[in-house]
Each structure stands twice: as C-alpha cells, then as structure tokens.
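Structure first, then comments.
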Number of protein chains: 2
Amino acid sequence: MSEALLLGIVIGISILGLIAAWALAQWVLRRPTGSEAMQKISNAIKEGAEAFLRRQNRTIILLAAVVAAMLFIGYGFIRSHREFDPVASTVEMAAWITLSFVLGALCSVIAGYVGMWVSIRSNIRTATAALTSLNDALRIALRGGAVSGLLVVAMSLLGVGGLYALVSAFSDVAETQIPLLIVGYGFGASFVALFAQLGGGIYTKAADVGADLVGKVEAGIPEDDPRNPAVIADLVGDNVGDCAGRGADLFESTAAENIGAMILGASLAATADKAGYGFSAGVVGVMMFPLIARAFGIIASIIGIVSVRMDKEEKMDPMEALNRGYYIAVILAMIGFAGASYWLLDSPNAPAAWWHFFLCGVIGVMTSVAFVYITQYYTEYRYSPVKRIAEASVTGPATNIIAGIGVGLECVWMPTLVMGAALLASYYLGASSGLPHAGLFGTAVATMGMLATAAYILAMDTFGPITDNAGGIVEMSQQPEEVRVKTDRLDSVGNTTKALTKGYAVGSAALAAFLLFQAYMDEVSHYAGQEMHSVNLANPVVFVGSLIGAALVFLFSAMAIRAVGSAAQAIIAEVRRQYAKLPRLNDIIQFPADFKPDYGSCVDIVTRAALRKMVAPGLLVVVTPIAVGLIFKVFITETNRLVAAEAVAGLLMVGTICGILTALFLNNGGGAWDNAKKYIETGAHGGKYLTLKDGTKAKNPTHGAAVVGDTVGDPFKDTAGPSLHVLIKLLSTITLVLAPLFI
Amino acid sequence: MSEALLLGIVIGISILGLIAAWALAQWVLRRPTGSEAMQKISNAIKEGAEAFLRRQNRTIILLAAVVAAMLFIGYGFIRSHREFDPVASTVEMAAWITLSFVLGALCSVIAGYVGMWVSIRSNIRTATAALTSLNDALRIALRGGAVSGLLVVAMSLLGVGGLYALVSAFSDVAETQIPLLIVGYGFGASFVALFAQLGGGIYTKAADVGADLVGKVEAGIPEDDPRNPAVIADLVGDNVGDCAGRGADLFESTAAENIGAMILGASLAATADKAGYGFSAGVVGVMMFPLIARAFGIIASIIGIVSVRMDKEEKMDPMEALNRGYYIAVILAMIGFAGASYWLLDSPNAPAAWWHFFLCGVIGVMTSVAFVYITQYYTEYRYSPVKRIAEASVTGPATNIIAGIGVGLECVWMPTLVMGAALLASYYLGASSGLPHAGLFGTAVATMGMLATAAYILAMDTFGPITDNAGGIVEMSQQPEEVRVKTDRLDSVGNTTKALTKGYAVGSAALAAFLLFQAYMDEVSHYAGQEMHSVNLANPVVFVGSLIGAALVFLFSAMAIRAVGSAAQAIIAEVRRQYAKLPRLNDIIQFPADFKPDYGSCVDIVTRAALRKMVAPGLLVVVTPIAVGLIFKVFITETNRLVAAEAVAGLLMVGTICGILTALFLNNGGGAWDNAKKYIETGAHGGKYLTLKDGTKAKNPTHGAAVVGDTVGDPFKDTAGPSLHVLIKLLSTITLVLAPLFI
C-alpha cells in the first residue's frame, strides 16, 4: 500500500473532522443568547475563564520552552551520536524531537483553548434554549461539547500524520523508524495536559470547596446564589477544570497512543516480514493501521453526535438519547475497524490474523463498556455502595468518611479483573493470530478499539460542564421553576457523563500505558542495538526504581490535594472578609437588598493560587523519571548496560499500576460521596431538613455529615484523580522521548 | 564449624531468652496489685481480653487445621514427586512442611497469648506503682512488655533452630536444603499473625470509635468514664489489638526472616564454595549466621531492658530513659553482629567480605533509626505536618480530613528514599565483598541488622497498651490528680513508642520482603531445576499478576476499614439502647447516681463482630496468590514454564510495594490526625472549649473537627495499617511454601 495514499486518507479525514468541528461551532453560535441578565452572568464566566486560561497558558508555554531548549541541547550537543540512531547527525535528531515536542505542546494548548472558547459560549445558549425546548438545549450542549471532542481527536491525528509526512519528505529516515523521531509530539501534548489538568483541577475545586464551605455551610445561602462572592469563580472552574483540562488529557491520550501503536506496528510488521509473513498492504500499512482506524472512528463519532435528539414529547431520559448516539458511534466505529483490519492487517500466510486483531478491537470496546458499568455501580445511589455511605452519615461525619474511603478502596478490584482479562485475552488473540510475536500488538489493537470513539466520549464529557454552567446561569438569573427543572434534568445527566468518562479515561490510560511501555522497550532495543526483553523486578536497582514510581503517585496526589485545601482556605478568608461588615441577626447574615459581592477578587485569588500550586507537582512528575534514569546510569556500573533504562521502566510500570488504582480510588470515592449527599437530599435518612416537634425546620445533621464527605471528595475526584490519568501518560511519553539518554 | 555447636548456641540462647522472659514475668507478678476498686476494673479487662482471645484462637486454630490438612494432601497426594525435591517421597515432604506449619501456627498462638496474659497483669501493677513511684511504674510497664518481646523473639528462634535440628536428626536431607523444608514455620506464624492482628485490630478500633462517638460526642462524658458501657471493651481492645496482634506480627517477621536468610545464606555459600571462595566456618556457618546474629541480639536486648531506669528525682522524660536502654541494646547488638560476621562470614580468599557484611548490618540499624525519625516528623505536633492539620481544622471537618489525607499521602516519600538507599547500598556492599553474587546476601544481612534489636522494640511497643490501660484504671477508679499526671506522662510516652514501632515494623517488612522474595526465587530455581533469574514485568502475564497484587492491598484495606465501621455502628446502637431510658434535661443525659452500665454486652457485641469480620479479608490474602498461581499454571501454555511462578512473584513484589506505601499512608495519616487533636487540646486554635462573651463555656468547633479526623484515623492506624504489615509478610511466606505447586 502506498504511504502517500494512506497518509492522504489520514490527513484528509483529520481535516474533515476539523471542518465538522467548525460547522458544529457555527451551528451553536447561531443560537440565541437570551436576556441581558443571563448574558451578564455568562460574560462574567467568560471573562474569568479566558483570563485564567491566558495566564495559565503563558506559564505553561514558558515551562515548555525551557523543556524544548533542554531537549534540543541534550540531544544536539550533550548526547553523542550512536550507531543505531535513526538519523546521521545529532543536530538533526535534536531538531526533529524538539519540533515534535513544540508542535505537540502547541496543538494541546490550542485544542484546550478553542474547546473552552466554544463551551463558554454554549452554556448561555443552552440556558436560553432551555426556556423553550429541552431537545434544543440537549443538542446545543452536546454539539458544543462535540466541538471540543472532534477538535482534540482530529488535531491529534493531524499532528501525528502531518509530522510523519514532514519527516518523510525532508529526511531520508527509514519509514519504520519515523515514529521514533516524532515521539516528542506525545510528550509535548502530555506536558501541556498535565499542567492544564492540574491547574484547572486545582482552580475548579478550590473555588467549589471555598464557595460551598463559606456560602452554603456558614452563610446558609443556596448553591449558585448570586450573593456568594465565590460563585463566579466556581462556574469559571467548571470550564477551566472540566473542559480545558479533560480536553488536553484526551488530546495527549490519543496522540501518545497513536505513536506508540505505530512503533509497535512497525516492529511487528518488520519481524513478521522477515519470518515470511508478509502483509498484503505492506509494512507501512500495518504501521499506519492505528491512524486509519482512528480516522474511521472520527467519522463514526460525527455521525453519532449529529444523530442525537429527544423524542417529540421530551419525555425520554436525556441520558438515553446520548446513549443511543453512543451506540451508533460504536457500531459504525467497529465496522470501520473491521474494514481497516481486513485491508491493512491481512497476511496471506496467516489468514486468521486480521480477524484476530479485529476481535482485539472488540475487546477494547467491551472493556470501556465494562468500566462504565462498574463506575455506575460504585457511584450511583441506586446501588448499595453509595447507600452504605449515606447510612453511615447517620452516625456523623467520621463514619461517613470511613465508609467513603472504604468504598473508594474497594472499587478497584473489578476494574483490575477487567483490565487483566482484557490484556491477557487480547495478548493471546494476538499470539494465536498465526503471526510471530504478535501478542503485544494484540494488546495495542485492543487499546485502539477502546479509543476509537474517543471523540464521542469527549463530547459527552464536555456536555457536563456546559449543562452545569447553563444551570448556574438559569439559577443566578432567577428563571421560573419549570426552566430550572429542565436544566436540572440536563445537569444530572451531565454529572453522570462526567463520572462515566472518568472511568473511560482510567481504562484507556491503563491499556495505553501497557502499549506505551512496550513501545519504550522497543525503542530502547533500537537505540541500544541490543534486545531489551525484560524488566526484572528481582534486580534491586529495578525494584528501587519501581518503589520510587509508586511513591511518586502518592506524593503527587498529596501535593494536588494539598493545593486545593490551601487555595480553598484563601477563598474562605476572602469571602469572610466581604461578609464581615454585613449586619447579623442571631449570627445569621442579613443581606441588604443592594449587596453587590466582588466576584473579581475571588476569581483573582483562585487564579493566582492555582497557577502557583500547579508548578511543583507538575515538575515533580517530569523530573523524577529523568533523575532516576540519569543517576542510575551514572552511578551504577553493572554488567548490564540497560540497567538504568530497566529501572526507569520499572518506575513507569509500577507507577502506572499504582496510578490507575489510586485514580480509581479517588475518582469513585469522590463520586460516591457526592451522590450519597444527593441521595440524602432526595429525602433519604431524613433529607436535607428535619421538622422539629414545634413545627420549625432544622438542618439534618445526617445531611451535614454527607456534605463533609462530598467536600472531601471534591479534590479527590476532580483534581488529584484526573491529574493522575495524565501523570500516567506523561510518564510513558517522557520515558519514550528520553529513553536514548538512559542507555 | 560444626553444625551441632552452632545449633547448640542458637538453641541455648533461645532458652536463655525464655528464662529471662519468665524471670521478668515473675518480677512483675510480685508487684502489688492495688485497691479493690482498681482490681475490679483490671479483672473486667482481663476477663474480656481472655474471653476474646480464647474465642479468637478457637477460630484461628480451626482455620489453620484446614490449611494444614490441605497442605498435607496437596503435597502428599496431589503434587507428584519431582526430580529436584529435597526428600525422596512426597509423603515425607508433606509431613515436614505440614509439621513446620503447625508448629509455627502453634508457637504464634502461644506467643500472642502469653504476652497478653502478662500485659493484662502488668497494667494494674503499673497503675498501683504510679501511686508512689514513676520509676517503678515505668519499669513494670517496660518489663511487662519485655516478657512479650523476649518470648516472641526467643520462641521464633527456638522454633527455627529446633525444626532444623529435628529434620537434621530424622532425615537425610542435605544440610543446605533443610531450610526449604521448614519454610512452613514462617507461613504458620504469619497465618496466625494475620488473623490475630486483623481480629484484634477490628476489635480495638470498633470499641474505641464506638465508645468515643457515643460517649464523648453524644453524651459528653470524658474518655474512660465508668458510665460509658463501651469503656471496658475499649480497654480490652488495647490488649487484644496492640499486644497480642503486634506480638504475633513480629513473631512471624523474625521467623520468616530467619528462614529466608538461611535459604539465601546457603545458596550464597554453596556458590562461593564452588567458585573457590570457601568460608573459614564452612557453608553451614554462613547458613547459621542469621540465627547466631539473632541470638546475640536477644542477649543485647535483655541487657538493654534491665538497664532502663529513671533518675532519682524522676524529672527526666521517661522517653529518654527508654531511648538510653535502646541505645545500649543497639550498641551491644552491633558488637555481637561484628563478632558473628568475623566468626562465620570470613572467607580467606575474600578478606573484605566479613566487614562488608558487618557494614550491611549497620545500614540495617541506621535504616530503622531513620524510619523512627521520619515517623516522628510526620506524627508529632512539634513539626509542621501535624500543625497543618490542626490549622485546617479551623475551617471544619472537611478541610481537616483533606489535610490529613494530604499528610498521609505525602509521608511516603522519605521512607521510600531511605529504603531505596539502604537496599542499593547493602546490595553494592555485598557485591563488592569479593565473593561472587553476594549482593543479595548483603540486603539480607541489612535486614538482620534491622531486626537485631527486635525484642527491645517489641518491649517498647507493648509498653504502650500497658500504660494506656494503667491510665484507664487510674481514671476509672478516680485516683487523685497527681497520680493521673504520672500515668498521663507514661501514657504519652506509650503513644510515641507505639507510633515509632509501627514505623519500625513497616521498615522491617519492606527489607524482609525483599529478602523473602529472593528466597522465593532461589526456591523456585531449586524445585524447577532451572534458574529463575527474572520477574519480567513486561510480560503481560506477570503484569496482570502485579496488578492483582496491588489491587489486593486496596481491597484488603477496604475490608478492614469497613469492618471497623460496621462493628462501631453496632456498638453505638447498643450504647444508645442502654442510655435510652435515662432522664434527660435539654437533651443532656442526667446520669442517676446508681447507674450501672452493662459492660458485658458491649464486650460481647464487639467480640462477635471482630471474629466474624476478620475471616473474609484474611482468607482473601491466603486465597489470592494461590488462585493466581494455579490458574495461570493451568490456563497459560507459554514456552516459559516458570511463568505462573513469575506472575506470583510479580503479585508478591508489587503487592509489597503498594502494601508498604499504603501502610505508611494509613499509619502516619492516622497518627497525625490523633496528634493534631491532642495539639488542639493543649490550647492551640482555641483549645477544647471556648469561653463565650457571657462567660459560659462552649465546645470549640475546631476541636470537634479534629475529633472527626482522629476517629477516621483510628481504623487507619490501628486496624488496616498494621494488618498490612502482616499481609506483606504472609504473601511472602505463603508463596515460599506453595512455590513448588506453581511450577
């Protein structure tokens, strides 16, 4: 198969995806923007979010520039040329690696920014549509989210395809070695993603926790009340944390996974070719398979997205409408996957190969579905885990916390078994495909299957903050009850999709990581000119590397959680300052009718805090694997010259294992606490208020205990947990890029 | 060196240790037992503790009998004889393995029981002594604790030495293969230890949490108030959880480590011998080195213990007195260690070997000291982590919990670096000793160094619950203020020693685990007749095994924490029932002067709950590695026939890494919360009570928030955390015993 044709298809479909994103954005932007009161709130959110993102991007670009310079100097001038390098001069190698890094970082910034740009414009339009039609509101929110989703996936594909085309055109590197030069793209993307997710995650939860503790708990005013000075910061947070952060996260997932799968595909095809198992579409076809499969997935996702609509009477559960669209996308993606497998993975001497790999893809899809169901079981109040937490709230906050931590720790076992089964099944499908050493490629194909519908999933994810914001705008502009009911219905669906996509993100991180560290070993073997076939935990050096990997996860989570805690305390102090001069009756604040809170100061405080606090944990993740690799390389003089690379691999793998489990613990524990509180608010265990004997209403302490759990869960599920997904992938990409330095 | 002489020394010193324990017990039992009121309370504690331990032992013995039968049948009749088995018939092999298991289990039960028997008799004598002399009280509590400590260490040594002598006398197994047959001793010990620690840990914290929440928080009565029906259960819990549990824990540590180190020593000596590096004391001398070093450590600990005393004016900090004794023990132990190294590890062709190994031992000691300091930093309120938690309590329980979890997650990094440095340093000291392949033995010797003073450490540990109980007896029998001051001083020292010994236990678990899985690989190589030199994480089967190991830690912790939560809820319900009929004024209970709470019902409820809840998590730990080994052996048909054994090794190693870090998180997080509360009680952030403008006292909500954290920390630090230490070691010993089945 000709490289040009395949590249043409990939780049063509990526551009089609971008056009679709543009068209959806236009469609959303043409919708009406509602009353002046609503616009005022929306504009405040817009301003805050854009200001934060601008400042955040400035910091990130600065950091990325430093890393880029170090990459260029390190590869160009410090590391000496080796026999097995894919290009002839160190400067050329440095140039390609640095260019990929810069492009990856830039695209990630753009994807995050544009996605958020659209979503902060979709929220007011969703709110306005909700005044008349739930169907319109649903479609605006989903399509607004889809702009993000398509943009992310299409740009990531375009970047990899384009870089490949560039290297192919301007250098004489062998085709199958090109992926080794563009691994920097994934690293650039994850580098930005980590800071975006961390900064956004700290921002959103600091504002949320601060607003809740001082507004709801101390001043006794409802959520999203305009008298709370932190409320705009809270709404801004939904955008910068949930939209921009998650967008950057999935951008790098798909980018890293594309390149990793290409490396594995190239290595598989070369081995198979030598052993007499040529492919009908040639070595390049196998290498391009991940990109083609992804491209087909984009088309499937577009069709799925535009097909979502409610029934005429608007009686159906909006979740059902979203699910129907998802199933359409999945089925189409799988048809495309089967076609691509047959086209590119067919080997005349191993006739079973193509459908074995197709089945691996199906396993990937099934894994993502299983993750979604498990997440539901542990975080929705229809099931016993959340009910258990609610019940434990009756004896106070301490037992609520104990129960929630119990649920969080417990929830890891089912995903573990699912991941284990998926990895082993796809490995054995690959191994029994008739091709030699194809087991690992089987696991890679499972990952591709899982990520095939990433654009749709991401659209559902961004749907969450858009509906959340729409609800906030409706609440703050004091719309009639029936409108609130509509936005509440959408908001609750949004909460569900946010939780589900987090499950999906962990699952994909797990599979992708396994793929990426196989790519790492492949790469080390390439550069060292010597097979690296083992990461031997029984070697004390590797064991210590692994121990450090696990400890890194703990320390990083601690820093993320602590950042939220201290930023929230700053917000609390600011709100208290603004309330200090208000008149009080029996210690209850009597708000004057003309009370105008200063939203800007809260936005400002949390912006500065988030930016300051994101740097240390982010750098920790970047520096640790490099330090381990270099220190072990210099100080350890073993007979095994790959020992430093092996120790880094141990760090990566055990860090990944711990990271996945800790992320599940944090995400699901946090989600379960959140819904235990909501369950009590539906009236369980006495509901939000108790009616005393004398007929007056009093706060229900059971609800108060559940609020404590909910607040503890906030930084778990929206800061540390999602940042861990990115940490896992950043570890993989950073080691991929720096592997040559450790040998 | 003659085997008989070495065995004679080992067995002789073990018996000496037992005699010393007996003499100390006699010394303690001769002290006066105080007033009738005090005796009544002490007897109630005694009764409850003995009843629980009897019932717990019945359950454990039943479970152990089932395992013993399965071991005998599995080895005797299901597994077929292999070429490389150390004995000729399967039944003989089954008999030795089962006998070792039964003996190990039995000794562990006895050590736990006798230790507790003495400590529940020491508490009243400590309380009585406190009426007159702090010095006497200190010495009674320490010597009471030392009975436990010496008994545990001496019995574990006697068991291993005795079993070795038995096998040597009644079979014709080659000397260096004997340790392979007696690995069951360690498994038996850990099996009992796991259930003892789990059952005791659930008991103590369910009672504690229940008593606190309903007594202190709801009814507003002080700690250890006789009107609280759960108070006796709480005091019983200190004994069954902290004494009996920790005793069983360290019993198995030393037993497992002794056997593991013997296996490694035998393997090192045999290799060295073949390569022309004979030892002056022969192969047997190297193999016996761990036992001899341990024996010398017992003598050092005895001298350390009896040398502890206060200054004449009783002005000094009792902690200082304990530390002085510890340093005496450490210095003596190191002198003995140096002597044993020179005597048994000297090789004429590698003259540097003996002192290289001696330095490894010094590294082990330094590691334990470093762990102690790190634990202090993270859990004492002189330092910033605990202060941070106290400060976060000002904004309520949610921020208190967030801060505490932050501290717990953060605290793992320093121990990780210390462990890493210790492992690598001792590995390289061993590797550079001049002997071939001696690196791993170096890490083993570091472990022995760390465990040399185990008896002293254990004495300090049991000192904790004895002084805690003494304080309870003084409080409940309403002794004058000056006596309380004395017991409070001792109690606060006891809290410190408990926290420190937990740090020591984790550190030793980490080093011992690395030793034990080297022994595992050695053993697999033996039985398979083929070197197992790698645990390759890059193999998907091994990766999945590792993932399961990590998830096991999470699930186990969840079950332990949940057990405490639900048992505490049962206690709360019972206390509320007893209080239901009491008269109330403004919702505050007015206790009638003749109110007699029913202590027995609370003791009974928590006994039943702890026994019921300990079974599932305990069995989970036993069943998981077996299931992974057997399933992977049957279903996976790789070319590598060691793959199932390798997957189990992955489970063991990654489970250990995760287990250590999670245990540190739980222990130190819990300890930090506890002391944050105590810090506030010293008057920080407003203290326990605020004085209102009208002069009345009101509860300080900051203190209330800290109590929530303290309660959450209870099951962390006293149930799940310590049980994880045992889990780590049980995984090691179970895989050691069952390794032949996975090949």
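The values are calculated or read from the model by the stated rules, or taken from the named source; none is laboratory data. Fair warning: this is a prediction, and the values are worked out from it, not measured in the lab. Cβ coordinates were reconstructed from backbone atoms using ideal geometry, including for glycine residues, and neighbour counts include every protein chain displayed. Just the protein is used for accessible areas: all its heavy atoms, side chains included, with ligands, DNA and RNA removed. Shrake-Rupley method; radii C 1.70, N 1.55, O 1.52, S 1.80 Å.
Observations
- Spherically averaged projected area of the convex hull of Cα atoms, region B:457-612: 15.6 nm².
- Binned Cα-Cα distances of region A:325-424, short to long, each 5 Å bin given as a whole percent: 2, 12, 15, 14, 13, 11, 9, 7, 6, 5, 3, 2, 1, 0
- Percent of Cα pairs in region A:1-53 per distance bin of 10 Å, from zero to the largest separation: 20, 24, 26, 16, 11, 3.
- Sorting A:TYR327, B:TYR75 on solvent-accessible area from highest to lowest, probe radius 1.4 Å, gives A:TYR327, B:TYR75.
- Distance between the modelled labels on B:ASP311 and A:SER133, one decimal in nanometres: 8.8 nm (7 Å Cα→Cβ projection).
- B:GLU175/B:VAL369 FRET efficiency (R0 35 Å; Cβ-Cβ; nearest 0.05): 0.50
- Shielding of A:555-568 by partner chains, average beta-carbon count, 10 Å: 5
- Remark: accessible area buried at the B-A interface is about 6200 Å², both chains counted, probe radius 1.4 Å.
- Within region B:477-521, the residues that become at least 20 Å² less accessible when every protein chain is included than when their own chain is isolated (1.4 Å probe; DNA, RNA and ligands ignored) are B:PHE514.
- Estimated translational D of the protein assembly as shown in µm²/s (Stokes, Kirkwood radius over Cα pairs; 25 °C; 0.890 mPa s): 74
- Summarised in one figure, the compactness ratio Rg/Rh of region A:23-177, Cα atoms and Kirkwood Rh, is 1.16.
- Within region B:376-483: Cβ-based charge dipole about Cα centre, in debye rounded to nearest 20 (Lys, Arg +1; Asp, Glu -1): 520
- 1.4 Å probe accessible area per residue over region A:285-410, in Å²: 35
- Neighbour cut-off at most 12 other Cβ (10 Å), DSSP loop, trypsin sites (Lys or Arg not before Pro), region A:683-743: A:LYS693
- Sulfur and carbon atoms: percent of accessible area, region B:196-295 [1.4 Å]: 52
- Between copies, the label points of B:ASP488, set 7 Å from Cα on the Cα→Cβ line, lie 5.2 nm apart, reported in increasing order to one decimal in nanometres.
- Residue (of B:ALA353, A:ALA211, B:GLY104) at the positive-pole extreme of the protein assembly as shown, dipole from beta-carbon charges: A:ALA211
- Packing-based ranking of B:424-431, A:400-407, B:12-19 yields A:400-407, B:424-431, B:12-19, ordered from highest to lowest mean Cβ neighbour count within 10 Å.
- Debye equation applied to the C-alpha atoms of region A:597-743, log10 I(q)/I(0) at 0.13 Å⁻¹: -0.78
- For region A:106-173: rounded, prolate or oblate by the Cα gyration tensor [a/c cutoff 1.5]: prolate
- Positive-end ranking of A:ALA255, B:ILE473, B:TYR373 along the dipole of the protein assembly as shown, with charges on Cβ about the Cα centre, is headed by B:ILE473.
- Peptide packing for B:469-480, A:612-623, B:204-215 was compared via the average number of neighbouring C-beta atoms within 10 Å per residue; ordered from the highest value, the list is B:204-215, B:469-480, A:612-623.
- Range of Cα positions in region A:507-549 per principal axis (Å), largest first: 29, 27, 13
- Based on the convex hull around the alpha carbon atoms, region A:237-325 presents an average projected area of 8.4 nm².
- Hydrodynamic analysis of region A:570-682 uses the Kirkwood radius over alpha carbon pairs. Inserted into Stokes-Einstein at 10 °C and 1.306 mPa s, it gives a translational diffusion coefficient of 81 µm²/s.
- Averaged over B:528-540, number of beta-carbon atoms from partner chains that fall within 10 Å: 6
- Alpha-carbon spread of region B:285-337, three principal axes, descending order, Å: 49, 13, 13
- Each 10 Å bin from 0 upward holds the following percent of the Cα-Cα pairs of region B:104-219: 12, 26, 27, 20, 9, 4, 1.
- Computed extension length for B:ILE73-B:LEU630: 198.9 nm, one decimal, from 0.36 nm per residue of separation with the Cα-Cα distance subtracted.
- Counts of other chain beta carbons within 10 angstrom of each beta carbon in peptide A:704-716 average 3.
- Here region B:468-522 is treated with +1 on each Lys and Arg Cβ and -1 on each Asp and Glu Cβ, and its dipole about the Cα centre works out to around 120 debye.
- Protein heavy-atom surface of region A:99-153, 1.4 angstrom probe: 71% of the accessible area is carbon and sulfur, with nucleic acids and ligands not counted.
- The peptide list A:540-551, A:56-67, put in order of mean Cβ contacts within 10 Å with the highest first, becomes A:540-551, A:56-67.
- Of the solvent-accessible surface of region B:426-468, computed with a 1.4 Å probe and all protein chains present, 62% belongs to carbon and sulfur.
- Length gained when the stretch B:ASP488-B:ALA570 is fully extended (0.36 nm per residue, less Cα-Cα span): 26.5 nm
- For region B:19-29, 3J(HN,Hα) per residue [Karplus equation, 6.51 cos²θ - 1.76 cosθ + 1.60, θ = phi - 60°, Hz, x = Gly/Pro]: 5, 4, 4, 4, 5, 5, 4, 4, 4, 5, 5
- Cross-link pairs beyond the 22 Å C-alpha cut-off, checked among A:LYS387/A:LYS699; B:LYS205/B:LYS502; A:LYS699/B:LYS387: A:LYS699/B:LYS387
- Computed from the C-beta positions of B:ARG641 and B:LEU16, the FRET efficiency with R₀ = 35 Å rounds to 0.15.
- Inter-copy separations for B:ARG324, label at 7 Å along Cα-Cβ, nm, ascending: 8.4
- In nanometers and ordered shortest first, the copy-to-copy spacing of the A:GLU47 label point, defined 7 Å from Cα toward Cβ, is 7.4.
- Per-q log10 I(q)/I(0), chain B, q = 0.07, 0.09 Å⁻¹ (Debye; single scatterer per alpha-carbon; no solvent): -0.46, -0.76
- Distance (nanometres) between label positions extended 7 Å along Cα→Cβ at B:GLN590 and B:ILE110: 5.9
- Computing FRET efficiency as 1/(1 + (r/R0)^6) for A:GLU481 and A:ARG608, where r is the C-beta to C-beta distance and R0 is 45 Å, gives about 0.70.
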